[in-house]
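Asker: Before we start, here is the structure in question, set down as structure tokens.
The values are calculated or read from the model by the stated rules, or taken from the named source; none is laboratory data. Bear in mind that the values here come from a model prediction, so they are computed numbers and not experimental data. Note that each Cβ is placed from the backbone with ideal geometry, even for glycine, and that neighbours are counted across all protein chains shown.
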């Protein structure tokens, strides 16, 4: 059998460090384990960042719920630009650009 010195192992370590097939490399009494958690945490933070961005920018155009009496008053005051009825929900677009809705 060939005897490998510590210097040869360290020299070959640089060559093998980029290979994903290399799992454990023994140097003397220490064992080097590849750092898979660094990449995992990076992707977790990217995923959480994407969720945060969708949460922040996804809720910009949401409508607020108001009582049906307020919608009737806005219609009488001619402040309503568009009215959409779908099922039990009435979506209202006011002339100032705000969106509100009410339930029947």
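Asker: Residue 29 versus (1) modelled with pLDDT under 85; (2) under 31 Å from the mean Cα position of the chain (by Cα): which is the lone unmet condition?
Answerer: Going through (1) modelled with pLDDT under 85; (2) under 31 Å from the mean Cα position of the chain (by Cα) one by one, residue 29 breaks only (2).
Asker: Turning to a different aspect of this structure: Select from segment 78-94 the residues that are surrounded by 10 or more Cβ atoms within 10 Å (Cβ to Cβ) and out of contact with any helix residue (DSSP H, G or I) (no Cβ under 9 Å at 6 or more places or on another chain) and list them in ascending order.
Answerer: Selection gives 81, 82, 84, 85, 89, 91, 93.
Asker: How about segment 59-74: which of its residues are over 13 Å from residue 101 (Cα atoms) and either modelled with pLDDT of 90 or more or surrounded by 10 or more Cβ atoms within 10 Å (Cβ to Cβ) (or both)?
Answerer: 73
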